[in-house]
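The block underneath contains the structure these notes are about, expressed in C-alpha cells.
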Amino acid sequence: MDEVKNIFVVGLNDFNRQRLETLHGARGYRFHGVIAPEAVYDTEEFDIAAMLAEATAQLEAFDEPVDAVVGYMDFPVSTMLPILCERFGTRSTSLTSLLKCEHKYWSRRVQREAIPDHIPGFTAFDPFDDEAMTRISEAGLYFPFFVKPIKSSGSRLGFRIDTPEDFYHAIEQLRESIGSIADPFNTVLEHARLPPEIAAVDGHFCMAEEIIGGWQCTVEGYVFEGEVVSYGIVDSLRYPQVLSFFHYRYPSGLPEDIQATMVELTDTIMTHIGYDNAAFNVEYFWDEVQGRIWLLEINTRISQSHCDLFEKVDGVSNQQVTIDLGLGRRPDMPHREGDFPMAAKFFHRVFFTDAVVTRVPTEQEIEELLADFPGCQIALQVEAGQRLSSLPEQDAYSFALAHVYLGAASAEQLLADYDRLAARLVFEFDNIQG
C-alpha cells in the first residue's frame, strides 16, 4: 500500500475540505489546514510576513513528510505558495514566473513581448504623483481608460475613467486605500529578484489601460514539466445592459476557431513567462465586431467558481489539477465523464444600491429545490438582518444574494431551470435604496 500523502492547504475551510475528499486518490491523502481561513477570506488585513512565519513554524513542527503545499485563492495565498514551496522542497512554479502574472505592469510587459496584437495600450503611474494625469496622456492613453492597482484583490479599487473628474475621484480613493494591498505585496516583492525597471514600480503604483471588452471567457489550464495544457474554457456571461455577472457556463459557446486561438495564445504566453508545475486561468475577451481577441489577465490558480462546473461536466472538480501538480504528478483530469453535458454557476442578484435583508429562503425551501432540481447546489450569501452594503467584493449597483449551481442538457435548459428555481427563491428587504 502507498504511503499516505500529507497535503497542506493554505486557508483550508470546511467547504473545500469536503470537495477535496471527493478527488481521485483522496483516500491516500491527508489534508491539513495552514493559516486560518478567516485570515485570508473576506478581510482587508494581510500581514504577509506574519502569515509566512506562522506557516513556516507549523510546517517545520510537522514530524512527517510535507508532500505538497497548495492553495486555491488569489492574493495573499497565491503569492505565498512559491516562497513556502521553495522552503520545503515541494512543487510549485517559481516566484519570478508567478510575479510575471500577478504584478500587472510586469505581466503586461511580458505579454507584449510574446503576443503584442492581443494586449491593450497600458502604462504604469504613481497615484501619489500630482502630474499622473499628464504622464498617462504622454504615454498615449486618452479617455476613456481603466485604472487599477499594480496588484489588486478581486475588482477592488478598479475604476473606469471617462473624465478628469473621474480620474481625480479615483486618485482620492486609491491614495486612501491602496496601502492595504500594496504594503503586503511589497513584502512579497522583497523575496524576488526584479529587473530594475520592475523594481521601480512597486505595489503602490497603478495601471492605466485602454478599455477592452467583448465576450468574456476563461481558459483553465496548467503547466506540467514545461508542457502547457488547457483543459476547459468557461464563459462569463453578464446581465443585459449592466456589468454584473449573470452566470458562468461550461463548456464555452464560443466558435471553435476562437477557442483554438485562445488555447494557442495561452500556450505561447505561459511558455514565454516560464510558468511551470502549477495551475492557472487566463481571462480573455473576444471582440466579435473588431475581430480581436484580448488577453485580460492571468491568474495563478484554478478558479474556485468553476469547481462545480467541471465536476458536473467532466466528472471531477478542477481542484484535482492543483493537488496532482502539488504532488509532482501529471493531473488526472477526465473529460466529459460527468452527469451533465453543460453546467453553470448563476449569481442570483438584486439591483439595489442598498437594503436590509428581512427574509432568506428557509432550510425546508432549499431542500425542496434541491430535490426538484437534481444536481443543484444553492449557497446563500446573505442572512436576515444583514445590510447589503456590508457584503464584501460586490458591485456598486447590485448584490449577489445566492450562488446557484445547475447542470442541464443545453444552454437553453440551464436558463429555463434557473428561471423556475429563482421564482421560488424568496428573499425580502426593507429600507431599499436605488
_Please compute the Kirkwood hydrodynamic radius over the range 285-362, one decimal place, Å, based on all pairs of different Cα atoms._
16.1 Å
*If Lys and Arg each add +1 and Asp and Glu each add -1, what is the summed charge of the other residues whose beta carbon sits under 14 Å from the beta carbon of G291?*
-3
*Using a Förster distance of 35 angstrom, determine the FRET efficiency expected from the C-beta separation of V289 and A49, and round it to 0.05.*
0.15
_Gaussian network model of the chain, Cα within-10 Å springs - most flexible of Y72, Y397, Y405_ = Y397
*Would you mind getting the accessible area per residue of the range 162-242, heavy atoms of the protein chains only, 1.4 Å probe, in Å²?*
45 Å²
*asked:* Kirkwood hydrodynamic radius, computed over distinct alpha-carbon pairs, for the range 229-385: how many Å, to one decimal?
replied: 18.0 Å
*If we sort 308-321, 259-272 on the protection proxy, mean other Cβ atoms within 10 Å, highest first, what's the order?*
308-321, 259-272
*asked:* How big is the range 333-420 along each principal axis, measuring the range of its Cα positions in Å and listing the largest first?
replied: 41, 29, 26
*Can you send over the carbon and sulfur percentage of the accessible area for the chain, probe radius 1.4 Å, protein chains only?*
47 percent
*Pairs of lysines in the chain (C-alpha under 17 Å apart; 8 or more residues apart or interchain)*: 5
*Per-residue SASA entry for F128, accessible area with 1.4 Å probe, Å² rounded to 10*: 100 Å²
*Quick one: if you stick a label point 7 Å off each Cα along the C-beta vector at E383 and Q173, how many nm between them?*
2.8 nm
*asked:* Quick check for you: with a 1.4 Å probe and neighbouring chains kept, what is the accessible area per residue of the range 3-160, in Å²?
replied: 44 Å²
*Report the full-extension gain for the segment N186 to S390: residue separation times 0.36 nm, less the Cα-Cα distance, to one decimal in nm.*
70.6 nm
*Loop sites in the range 354-433: trypsin sites (Lys or Arg not before Pro), DSSP, at most 10 other Cβ within 10 Å*: none
*Could you pull out the GluC sites (Glu not before Pro) across the range 145-204 that fall in loop regions by DSSP (anything but H, G, I, E, B) with no more than 16 other Cβ atoms inside 10 Å?*
E190
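Taking only protein heavy atoms into account and a 1.4 Å probe, give the accessible area per residue of the range 288-434 in Å².
I get 44 Å² per residue for the range 288-434.
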_Charge context of G375, other residues only, Cβ under 13 angstrom, K/R +1, D/E -1_ = -3
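Applying a 10 Å radius around every beta-carbon, put 22-30, 348-356 in order of their mean neighbour count, most first.
Values: 22-30: 14.0, 348-356: 16.8.
The peptides rank, most packed first, as 348-356, 22-30.
Only sites in a loop by DSSP and with at most 15 other Cβ atoms within 10 Å count here; which trypsin sites (Lys or Arg not before Pro) in the range 76-165 make the cut?
Here the trypsin sites (Lys or Arg not before Pro) that fit, given the DSSP loop and packing criteria, are R156.
Over the chain, what per residue volume does the convex hull of the Cα atoms give, in whole Å³?
155 Å³
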*Count the DSSP beta bridges whose two residues both fall in the chain, then state the antiparallel fraction as a percent rounded to the nearest 5.*
90 percent
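The values are calculated or read from the model by the stated rules, or taken from the named source; none is laboratory data. This is a predicted model, so every value here is computed, not measured. Positions of Cβ are generated from backbone atoms using ideal geometry, with glycine treated the same way; all protein chains shown enter the neighbour counts. Ligands, DNA and RNA are excluded from the accessible area calculation, which covers all protein heavy atoms including side chains. Shrake-Rupley method; radii C 1.70, N 1.55, O 1.52, S 1.80 Å.
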